[in-house]
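Since the structure comes first, as structure tokens, the remarks are kept for the end.
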Amino acid sequence: MNDPERAMLLSVHPRFAIAILAGSKTVEVRRQRVAAPPGTPVLLYATAPTMALVGMARIASVHVASPKEVWSAHRAQTGITRREYDAYMSGAAQASGLTLADPVSFYEPVTLSALRAKGSFHPPQSYRYMKGDDLRQVAEAGPVVVTALREALGDLAPA
């Protein structure tokens, strides 16, 4: 990984978070180019009604191409129907297929209220990168995140 103190915070619908953590959905698709190297830790934020960090995974690879090419290469791993994919990708010139590996469910999800109690936490519409203080804030919100980040980032994880 080029930047060992960087992680991705990825917002997903609860059904997709469950499927990623169960290992049945191994590719997450996005409408824009994602530039994250293999090995990047991904914190999974399940949107409403869950509204919590529920686990994490690692990026194994990123495939950036046309929406048609990404679908052709990864359709069986996306956990969505062709109709859902086409509706989501409508109007997009390119797509990213993030292959996720090593999913870990947090035994205790870190709620949005717990995250906000430690600072101004705003879940992203799609995704965002987190470094330094952002990672420390998330780690302070739940001990389970500290453990997972330490395993993913080693000695560089927030204390």
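Tabulated data for the structure shown
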item: Segment 55-68, subset surrounded by fewer than 21 Cβ atoms within 10 Å (Cβ to Cβ) and either β-branched (Val, Ile, Thr) or touching a His at 6+ places or on another chain (Cβ under 8 Å) (or both), residue nearest to ALA93 (Cα to Cα); result: VAL64
item: Selection within segment 75-93 - touching a residue at least 24 places away in the same chain (Cβ under 8 Å) and either open to solvent by 70 Å² or more (accessible area, probe 1.4 Å) or at positive phi (or both); result: GLY79, TYR88, ALA93
item: Tally of residues being open to solvent by 60 Å² or more (accessible area, probe 1.4 Å), modelled with pLDDT of 75 or more and not basic (Lys, Arg) across segment 112-159; result: 8
item: Condition met for ARG15 (touching a helix residue (DSSP H, G or I) at 6+ places or on another chain (Cβ under 8 Å), closer than 26 Å to SER72 by Cβ and either without any contact (Cβ under 8 Å) to a residue 12 or more places away in the chain or open to solvent by 10 Å² or more (accessible area, probe 1.4 Å) (or both)); result: no
item: GLY39, sole failed condition from (1) at pLDDT 95 or above; (2) at positive phi; result: (1)
item: Tabulated pairs, segment 103-123, first closer than 14 Å to ALA139 by Cβ, second among the small types (Gly, Ala, Ser) and open to solvent by less than 60 Å² (accessible area, probe 1.4 Å), C-beta under 6 angstrom, 6+ apart or interchain; result: PHE106/GLY55; VAL110/ALA52; VAL110/ALA141; VAL110/GLY142; ALA114/ALA141; LEU115/ALA141; LYS118/ALA141
item: Test for ALA57: is it in contact with a strand residue (DSSP E or B) (Cβ under 7 Å, 6 or more places away or on another chain) and either of a type in the set (Ser, Thr, Tyr) or more than 18 Å from ARG30 (Cβ to Cβ) (or both); result: no
item: Condition met for LEU100 (modelled with pLDDT of 90 or more, in contact with an Asp or Glu (Cβ under 7 Å, 6 or more places away or on another chain) and open to solvent by less than 30 Å² (accessible area, probe 1.4 Å)); result: yes
item: Among residues of segment 35-52, those that are in a loop (DSSP other than H, G, I, E, B), open to solvent by less than 70 Å² (accessible area, probe 1.4 Å) and under 21 Å from ARG15 (Cβ atoms), counted; result: 3
item: Pairs where the first residue, in segment 50-67, is of a type in the set (D, E, K, R) and the second is in a strand (DSSP E or B) and surrounded by fewer than 16 Cβ atoms within 10 Å (Cβ to Cβ), C-beta under 6 Å, 6+ apart; result: ARG58/ALA101; ARG58/ASP102
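The values are calculated or read from the model by the stated rules, or taken from the named source; none is laboratory data. In this text the structure is predicted, and so the values were computed from the model without any measurement. A quick note on method: Cβ atoms are made from the backbone with ideal geometry, for glycine too, and the neighbour counts reach across all protein chains shown. Surface areas here come from the heavy atoms of the whole protein model, side chains and all, with no ligands, DNA or RNA. Shrake-Rupley method; radii C 1.70, N 1.55, O 1.52, S 1.80 Å.
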